[in-house]
Each structure stands twice: as C-alpha cells, then as structure tokens.
Amino acid sequence: MRKLTNVLITGGAGFIGCNFIHVLLTKTPDFAGRVINIDALTYAGNAGSLSDIDAKFGGSRYFFERADITDRPAVEAIFKKYDIDTVIHFAAESHVDRSILGPEAFVKTNVLGTYTLLDVARVAWTVQREGGARMRDDVLFHHVSTDEVYGSLGSEGYFTETTQYDPRSPYSASKASSDHLAFAYHHTYGLPLTLSNCSNNYGPYQFPEKLIPLMILNMVEGKPLPVYGDGKYIRDWVFVEDHNAAVWSIVTRGRSGEKYNIGGENEWENIALLDKLIEIVASRKKMDPETIKATITHVKDRPGHDRRYAIDCSKLKRELDWSRSVTFELGLELTVDWYLGNDQWVKSVRSGEYRNWVEKNYGSR
Ligand code: NAD
Ligand code: DAU
C-alpha cells in the first residue's frame, strides 16, 4: 500500500472534494498524513462545507490555501511550503450547461490549471542524483476525470478504459485535454500518475445546479421541475462516497500509468429517476406525489445533449476489489434527507454570484 504524507487536494471546497476530505480525515485509519486543500472558491466552492474539519484539524492535519490552480507561483509556493508528495486533482469547472454558455473558464481551469499542476509537480519531484536528474518514485499525481470524455452511447454497450475519446461539449473537451496532458506527463517525463473516469455522482454538498439537488429543492419549494427534451437521456449514478472510496483505492494501490473507470452500474432515464425522487420527497414532506408530478415541465433541450453514458468498471473491481456500498434507493434517501436538513448550507451556496448568474442566464428558476 502506498504511503501518503502531504496530500494536496485541489478543489476541496467543491462537492466531491469536500466529501473526500471529510472521509479522509475522519474515517480513514490507514491515513495519518496532512491534507492541504487548494481552492479558488469559485461560485461552486464553499469553504463552509469544511468548517467542522477546520475546527478539528485546522493547523495540524488540515490546511486551506485559497489560490487559483492556474497561478503558477502560488502553486509552486504551496508545493514547497508543505513538501507535497501526492496530488489528488478534483478542481475543475464541472457543469456542462455553463460550459455551453461560457467555455473560456473551462479551458482556463481544466486545461491550463491541470497543465500548471502537472508542470509544478514535474519540477518539484525531479531530484538530482548521481548520473543525472531522476523523477521520484515515492510520489503520485491522481487526475480525477469524467466518463463524458468518451462521448455518447446508443442503447447498447459500455465505456471501457480503451474506448476512444470523443468529447462533445466544451466541458468534456476540456476534461479530455486535461486527461491527455496528464498521460503525456507520465509518458514523457515519467511522472507517477493515475487517472479515473467516473460517471454521475450524487450525494451531500452537491451544488444545486445539478439535476438531483436542483430537483429536490424545486419540489420542496413548489417550483417547476425542468426536464430537458424528452427526459429519456440516460446517466449512470454513483454515490459520492463510493466514487471517493474508488479514488482512495487507486491512489493507495493502483498501478502508475493506468486509468480506471468508476461507475455505479446503475443506469436511469432522467424521467424515471425523477419519479423515484418524487416518491422520496413526497413521503418525507407529507406531500401528494401527483401534485409534485404535475410540476414536471419539459423545457428546451441542452445543445449537443449526450444520449447515454454507461460505465464498465470491471477493471476497478477486479484489480482493486472495489464495489459500491450503497444501493441507489438508500443513496437517494440519504441525499434527500441531507438537503432537507441543511437549509443554511443551501442558502449560503445559492447567494451571491450563483444567484446573479442564474438570473442572468435563465431568469428566476
Ligand atoms: P464542483 O464544481 O462541485 O467543485 C469544483 C471545485 O473546484 C470548487 O470548489 C471550485 O471553487 C474549485 N475550482 C474551480 N476552478 C478553480 C481554479 N481555477 N483554481 C482552484 N480551484 C478551482 O465539482 P465536482 O462535482 O466536485 O467535481 C470534481 C471533479 O470531479 C471535477 O474534476 C469533475 O470534472 C470530476 N467529476 C465530477 C463528476 C460529477 O458528477 N460531479 C463526475 C465525474 C467526474
Ligand atoms: O458523467 C459525469 C458528469 O456528470 C460530470 O463529469 C459532470 O461534472 C457532472 O456535472 C455530470 O454531468 P451531467 O451533464 O450528466 O449532469 P447534470 O446534473 O447537469 O445533468 C444530468 C442529466 O439531467 C442530463 O441528461 C441533463 C439533465 N437535466 C439536467 C438539469 C440540470 C435536466 O433534464 N434538467 C436540468 O435542469
């Protein structure tokens, strides 16, 4: 098992990163190191999601650095200050609809930001030894990516690790570029590297512009439920803690130079998922499910909307003995309960920049 000491988490104030840090510092007996969270706190980042962690571990095992991953001097200083030996790179612009309305931020953060981290790691981890410069072999860069790089499937088949890349949105194209850069740094400079391509995550702390939290909150607030197109688009859903458990097994036991697909083996048409969610919210809030259903509104489709994603994660299961721990039913219940019990968090992430952006692009929704 690889030993991690000073772990740089990028984007740790976002959805998946903050869940990762919670579990790493509170429920991972195999980890005794330090976590350094670098996050620019864009509209999607909320340092408050880690206030409990900061109170318990701040200054001893948890350090927050507000910085942009495209800012090379800042990233270099952080590598030096904390003697980073592991990078787990979550930071990204992550929302497909935003990438269609404004691709530039995606190219900047996802492509230039990933390049900056890779290059700073390359320099920091190259040591002078007898016989010339050598890349350290006790370090690791893990790049967190998405199944969207593989493009769109018809009704049959699955994405495997050897499926050819075919990104179709500015978001997925920027993530595909970052994946290629990551492997280029492994092949060219020998940077120790692993990479994961995961399907749709759901769970606590997800920014409520994404399908599941948006729908939960709209149901509770009696707002329309905006379904893109015919609603028969298919996604494979995985609970965020199961995604993160897979990332942990890759960074501790995965093979350098390898990529691993992560998925829930859990495909749902959006409209069928919505029915399930309506049942849970209706029962928790003592509402009539038919009244909620009547608020489903088919709206204009997302341009270039990928029809189906489905992941073959047999490599991860076979090599690293990973399996999902939560059924979809239980995961959805945990998620609904979390959003119903965390009004303050919802209010805080919906304020400020997010509200302005939503109102400018969609009107009040
Ligand atoms: P998110 O949008 O919730 O969080 C992204 C975080 O990155 C935020 O805290 C934000 O402040 C930070 N960030 C953005 N730009 C930055 C910059 N230039 N410098 C520093 N920090 C910056 O995203 P998420 O859903 O948690 O996704 C995390 C990663 O997982 C992304 O790389 C995404 O592509 C990948 N992924 C997400 C999913 C999913 O379903 N959400 C699925 C597969 C892969
Ligand atoms: O597949 C992994 C990807 O999953 C990640 O890489 C992305 O970061 C993450 O945002 C997610 O992308 P999607 O586009 O699949 O997620 P989103 O929640 O935006 O949409 C899920 C599906 O629901 C998709 O088919 C579009 C549809 N949808 C979404 C919204 C926000 C609606 O019908 N109505 C909506 O209002």
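The numbers here are math on the coordinates, done by the rules we state, and not lab data. It should be emphasised that the depicted structure is a prediction, and the values quoted were computed from it without experimental measurement. Note: ideal-geometry Cβ built from the backbone for every residue, glycine included; neighbour counts use all protein chains shown.
Please arrange 99, 325, 178 by counting, for each residue, the other beta carbons lying within 10 Å of its beta carbon, fewest first.
In order of increasing Cβ crowding within 10 Å: 325, 99, 178.
Would you mind classifying the chain by shape? Square roots of the alpha carbon gyration tensor eigenvalues, ordered a ≥ b ≥ c; an a/c under 1.5 is rounded, otherwise it is prolate if a/b is larger than b/c and oblate if not.
Prolate, since a/c reaches 1.5 and a/b exceeds b/c.
Mind computing the radius of gyration and Dmax over the alpha-carbon atoms of the stretch 187-326? Å is fine for both.
For the stretch 187-326, the Cα-based Rg and Dmax read 18.0, 60 Å.
What lysines does residue 315 reach when the alpha-carbon gap must be under 16 Å and sequence neighbours fewer than 8 apart in one chain are set aside?
259
How many angstrom separate the Cα center of the stretch 91-140 from the Cα center of the stretch 332-364?
Comparing the Cα centres of the stretch 91-140 and the stretch 332-364, I get a distance of 30 Å.
Assign unit charges at the C-beta atoms only (+1 for Lys and Arg, -1 for Asp and Glu), then state the dipole size of the stretch 219-365 relative to its Cα centre in Debye, rounded to the nearest 20.
Computed charge dipole of the stretch 219-365: roughly 420 debye.
How would the stretch 29-142 be classified by its alpha-carbon gyration tensor: rounded, prolate or oblate, with rounded meaning a/c under 1.5 and the a/b versus b/c comparison settling the rest?
Since a/c reaches 1.5 but b/c is at least a/b, the shape of the stretch 29-142 is classed as oblate.
Pairs of alpha-carbon atoms within less than 8 angstrom and 6+ residues apart define the contacts here; what relative contact order does the stretch 1-93 have, in percent?
Dividing the mean separation by the residue count of the stretch 1-93 yields 43 percent.
Give me the angle, in degrees from 0 to 90, between the Cα long axis of helix 240-253 and the longest principal axis of the Cα atoms of the chain, rounded to the nearest 10.
The angle comes out near 20 degrees.
Please say if the stretch 238-311 is rounded, prolate or oblate, where rounded means a/c under 1.5 for a ≥ b ≥ c the square roots of the C-alpha gyration tensor eigenvalues, and otherwise the choice is prolate for a/b larger than b/c and oblate otherwise?
Oblate, since a/c reaches 1.5 and b/c is not below a/b.
At 37 °C and 0.692 mPa s, grab the translational diffusion coefficient of the stretch 111-198 from Stokes-Einstein with a Kirkwood Rh over Cα pairs, rounded to a whole number in µm² per second.
Taking Rh from Cα pairs, D becomes 230 µm²/s.
When only C-alpha pairs under 8 Å and at least 6 residues apart count, what is the relative contact order of the stretch 145-194, in percent?
34
Starting from the stretch 255-290, pick out the trypsin sites (Lys or Arg not before Pro) whose DSSP state is loop and whose Cβ has at most 13 other Cβ atoms within 10 Å.
255, 286
Which of the peptides 73-85, 198-210, 305-317 is most tightly packed, and how do the rest follow, judged by the mean count of other Cβ atoms within 10 Å per residue?
Those peptides, ordered most packed to least, come out 198-210, 305-317, 73-85.
Would you list 186, 298 from fewest to most Cβ contacts within 10 Å?
The fewest-first ordering by Cβ neighbours comes to 298, 186.
Which value, in debye to the nearest 20, describes the size of the charge dipole of the stretch 241-323 about its Cα centre when Lys and Arg Cβ atoms bear +1, Asp and Glu Cβ atoms bear -1, and nothing else is charged?
The calculation lands at about 200 debye.
From the residues 327, 261, 341, which one has its Cα farthest along the dipole of the chain in the positive direction, the dipole being from +1 and -1 charges on Cβ of Lys/Arg and Asp/Glu about the Cα centre?
341
Where does each of 296, 9 land when they are ranked from fewest to most other beta-carbon atoms within 10 angstrom?
Going from least to most buried by this count: 296, 9.
Can you give the angle from 0 to 90° between the axis of helix 211-221 and the longest principal axis of the chain, with both taken from C-alpha atoms, to the nearest 10?
40
Dipole of the stretch 1-120 (Lys/Arg Cβ +1, Asp/Glu Cβ -1, origin at the Cα centre): which of 73, 14, 51 lies farthest to the positive side?
51
Can you compute the charge dipole magnitude of the chain about its Cα centre, using +1 on each Lys and Arg Cβ and -1 on each Asp and Glu Cβ, nothing else charged? Give it in debye, rounded to the nearest 20.
With only Lys, Arg, Asp and Glu charged at Cβ, the dipole is about 540 debye.
Report D for the stretch 183-261 in µm² per second (integer): Stokes-Einstein, Kirkwood Rh on Cα pairs, 20 °C, 1.002 mPa s.
So the translational diffusion coefficient is about 140 µm²/s.
Give me the three principal axis extents of the stretch 94-133 from the C-alpha atoms, as integers in angstrom, largest value leading.
For the stretch 94-133, the Cα spread along each principal axis is 52, 13, 10 Å.
With all distinct Cα pairs included, what does the Kirkwood hydrodynamic radius of the stretch 36-103 come out to in Å, to one decimal, could you say?
13.6
Can you give the calculated 222 nm mean residue ellipticity of the chain, where each DSSP H run of n ≥ 4 adds -39,500 (n - 2.57) and the sum is split over every residue, rounded to the nearest 500 deg cm²/dmol?
-12500 deg cm²/dmol
Run the numbers on the chain and let me know its relative contact order in percent, using alpha-carbon pairs under 8 Å that are six or more apart.
Over the chain, the number comes to 18 percent.
Projected onto the charge dipole of the stretch 74-186 (+1 at Lys/Arg Cβ, -1 at Asp/Glu Cβ, origin at the Cα centre), which of 99, 149, 112 gives the Cα projection farthest towards the positive end?
Going by the charge dipole, the pick is 112.
Are any of the pairs 286/317; 3/81; 27/232 more than 29 Å apart by Cα-Cα distance, and if so, which?
Exceeds cut-off: 286/317; 27/232.
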